[in-house]
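Trainee: One structure coming up, written as structure tokens, with questions to follow.
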There are 4 protein chains.
Amino acid sequence: MAGSVNKVILVGNLGKDPEIRRTQDGRPIANLSIATSETWRDKNSGERKEKTEWHRVVIFSEPLCKIVEQYLKKGAKVYIEGALQTRKYTDQSGVEKYSTEIVLQGFNSTLTMLDGRSGGGGGGNFGDEPGGDFGSSGPVSSAPRRPVAAGGSGRNSDMDDDIPF
Amino acid sequence: MAGSVNKVILVGNLGKDPEIRRTQDGRPIANLSIATSETWRDKNSGERKEKTEWHRVVIFSEPLCKIVEQYLKKGAKVYIEGALQTRKYTDQSGVEKYSTEIVLQGFNSTLTMLDGRSGGGGGGNFGDEPGGDFGSSGPVSSAPRRPVAAGGSGRNSDMDDDIPF
Amino acid sequence: MAGSVNKVILVGNLGKDPEIRRTQDGRPIANLSIATSETWRDKNSGERKEKTEWHRVVIFSEPLCKIVEQYLKKGAKVYIEGALQTRKYTDQSGVEKYSTEIVLQGFNSTLTMLDGRSGGGGGGNFGDEPGGDFGSSGPVSSAPRRPVAAGGSGRNSDMDDDIPF
Amino acid sequence: MAGSVNKVILVGNLGKDPEIRRTQDGRPIANLSIATSETWRDKNSGERKEKTEWHRVVIFSEPLCKIVEQYLKKGAKVYIEGALQTRKYTDQSGVEKYSTEIVLQGFNSTLTMLDGRSGGGGGGNFGDEPGGDFGSSGPVSSAPRRPVAAGGSGRNSDMDDDIPF
DNA sequence: TTTT
DNA sequence: TTTT
């Protein structure tokens with residue numbers, strides 16, 4: 001179908017340390033369990049309520065897996081952008097089940113640390129993307145997006161000046 | 001948790017007509033089945049591939065349900081903004097299963113038709129939100145967002161002029 | 001136009017303390033200056049580069065203004081969801097200029113603190129929205145989105161169980 | 001800054017045909033003028049109101065420029081994902097001005113056609129991304145995101161079955 | 001299993 | 001003007 005979008009944006013905390021596995025040909029896959037929660041005040045009782053939602057995140061991007069491995073721990077707060085994917089599987093007792101996951105793979109996937117705990121995901125030489133077999137992926141924040149060198153409209157452009165407001 | 005975000009954005013097509021039920025106290029709940037798909041060219045074979053993902057959408061917003069009822073049919077293209085929610089249930093054979101749904105309820109939920117088929121979902125008197133028990137919800141597009149009457153900065157403001165580029 | 005979306009999502013830091021003004025009829029308007037930045041490694045020189053973008057944010061939502069007033073300070077990290085708006089104004093020397101701002105107003109606007117600094121924006125009795133003249137607005141995180149009481153599909157639903165993965 | 005996000009999502013219509021220029025070294029740059037609009041009913045007068053917002057979009061991605069060139073015309077409806085950027089320039093009369101644009105460049109930029117007019121933006125050999133000097137970019141929809149071949153968790157996986165709800 |  |  002031309003014209004479809006499948007995007008999930010989460011800001012939440014890791015409920016436990018990341019799990020990192022490798023495929024047979026050596027590519028990393030990271031699994032995160034991320035909590036988001038919402039709080040509200042009950043209209044009738046006036047009580048404060050909270051509801052936590054747990055999200056299964058699967059990362060098929062080599063540079064993002066590196067960041068996960070190096071920087072993320074239980075409790076870390078992250079911004080994540082990925083896509084929904086529902087997988088069918090058969091459990092131990094032979095029952096067919098479905099699991100919906102947020103997949104970070106290729107373009108338009110991002111993982112950004114929101115804790116001060118690390119140096120910014122640095123190190124990864126994104127933009128060079130060493131020919132890994134995974135689609136390249138939005139690195140921590142947006143490293144490989146080169147800044148616009150020339151203005152978008154052919155008019156004079158003094159990029160380095162800051163905007164005064 | 002302060003500081004969490006749980007957001008899903010989909011652009012896709014209804015795989016079938018919406019299903020609308022009512023709670024015992026008369027509130028509507030709409031279920032949509034939305035397809036998104038991605039296409040890519042296989043690196044090795046060069047073949048064109050396509051993969052479709054199906055999303056279960058549940059709408060707990062009265063005005064959005066009205067729009068669904070009035071305007072949406074199988075095949076319709078929509079923009080949807082909601083939140084992920086995983087529900088546990090026991091199927092007919094007594095097996096516990098989970099279902100992950102995109103919930104449209106309250107703030108920061110939106111449904112916008114992207115077909116030319118309707119007049120814009122109008123009609124709903126959003127902004128008045130007749131005290132329904134559901135959280136009010138982002139209407140078709142953004143009806144109740146009143147335009148900014150005065151500029152954000154106290155400077156002269158000629159809002160009605162259009163911007164010429 | 002039926003079917004349009006105008007959405008901005010920022011995660012960044014306040015460059016200075018918020019500015020809060022009031023309209024003649026007493027409604028608050030908050031202005032934030034938010035920095036986002038991206039870093040990348042220059043392909044040729046190998047140098048680390050950084051580019052900061054400054055965003056002008058205008059908040060026309062009474063509950064969000066309260067949160068801004070109570071909790072946000074220079075340096076605070078926030079998640080913001082709003083809409084783009086370009087305003088025309090005439091500067092001191094009579095020159096017509098345009099200013100593009102991210103407006104938080106009404107539905108589908110959110111401000112969430114991402115620092116541990118505060119108690120979560122709590123306190124605000126969102127969902128009751130005391131008849132203010134501003135469109136109600138997504139509170140800190142998503143307070144007023146009441147959790148789904150009944151499952152979306154009429155099957156058994158045990159909402160309070162947690163999902164084990 | 002580690003941990004920042006700068007994202008704009010628009011669904012709107014081209015106000016005029018795209019303008020495509022080339023840099024001195026031959027790389028394409030496309031400019032789009034996109035309208036979004038919101039409608040609401042005036043609380044007092046009950047009148048239907050509409051406000052249109054115009055967005056300047058600049059595309060620095062070679063494959064996206066190709067799609068723009070081949071498929072987009074005045075009136076086309078598109079989904080766009082990019083980043084905000086404010087540029088300073090000096091106009092003809094020597095006055096310094098600022099222009100805020102939505103830049104599509106590199107990762108986490110997308111352009112998806114929402115009209116039925118084309119076959120899906122296909123053609124572009126995304127995923128191979130012929131070493132152009134621009135950051136690669138999210139193609140029409142999400143072409144280069146290879147589907148997940150193996151499940152995210154090592155359990156049985158029957159990817160090709162569709163999910164029946 | 002997180003976080004406030 | 002922030003942050004790393």
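Only the coordinates and a few stated rules stand behind these numbers; no lab work does. Since the model is a prediction, treat every value here as computed from it, not as a measurement. A quick note on method: Cβ atoms are made from the backbone with ideal geometry, for glycine too, and the neighbour counts reach across all protein chains shown.
Trainee: Report yes if C:Q70 is more than 22 Å from C:D115 (Cα to Cα) and out of contact with any Ser or Thr (no Cβ under 6 Å at 6 or more places or on another chain), otherwise no.
Mentor: Details: more than 22 Å from C:D115 (Cα to Cα): no; out of contact with any Ser or Thr (no Cβ under 6 Å at 6 or more places or on another chain): yes.
For C:Q70, the condition - more than 22 Å from C:D115 (Cα to Cα) and out of contact with any Ser or Thr (no Cβ under 6 Å at 6 or more places or on another chain) - is not met.
Trainee: While we're looking at this one, here's another question. Given the conditions (1) under 19 Å from the mean Cα position of the chain (by Cα); (2) more than 16 Å from DNA strand F (Cβ to nearest atom), report the number of the one that A:Q70 does not fulfil.
Mentor: With respect to (1) under 19 Å from the mean Cα position of the chain (by Cα); (2) more than 16 Å from DNA strand F (Cβ to nearest atom), A:Q70 is out only on (2).
Trainee: Collect the residues in the stretch A:77-94 that are assigned to a loop (DSSP other than H, G, I, E, B) and out of contact with any Lys or Arg (no Cβ under 7 Å at 6 or more places or on another chain), keeping them in residue-number order.
Mentor: Of everything in the stretch A:77-94, those that are assigned to a loop (DSSP other than H, G, I, E, B) and out of contact with any Lys or Arg (no Cβ under 7 Å at 6 or more places or on another chain) turn out to be A:Q92, A:S93, A:G94.
Trainee: Another question about this same structure. Quick check on the stretch A:35-67: of everything there that is outside any strand (DSSP E or B) and acidic (D, E), which residue is nearest to DNA strand F (Cβ to nearest atom)? I'd like the intermediate steps shown before the answer.
Mentor: Taking the stretch A:35-67 first, the residues outside any strand (DSSP E or B) are A:42-47, A:60-67.
From the residues that got through so far, the ones that are acidic (D, E) too are A:42, A:47, A:62.
Details: A:D42: 36, A:E47: 35, A:E62: 22 Å.
The qualifying residue nearest to DNA strand F (Cβ to nearest atom) is A:E62.
Trainee: Please name all residue pairs, on different chains or six or more residues apart, with Cβ atoms under 7 Å, provided the first residue is in the stretch B:4-30 and is more than 30 Å from A:V57 (Cβ to Cβ) and the second residue is in a loop (DSSP other than H, G, I, E, B) and not aromatic (F, W, Y).
Mentor: So the pair list comes out as B:D17/B:K73; B:D17/B:K74; B:R21/C:G154; B:T23/C:A150; B:R27/B:D133.
Trainee: Here's another thing I want to ask about it. Could you please give the count of residues in the stretch C:17-32 that are under 19 Å from C:T110 (Cβ atoms) and in a strand (DSSP E or B)?
Mentor: 6
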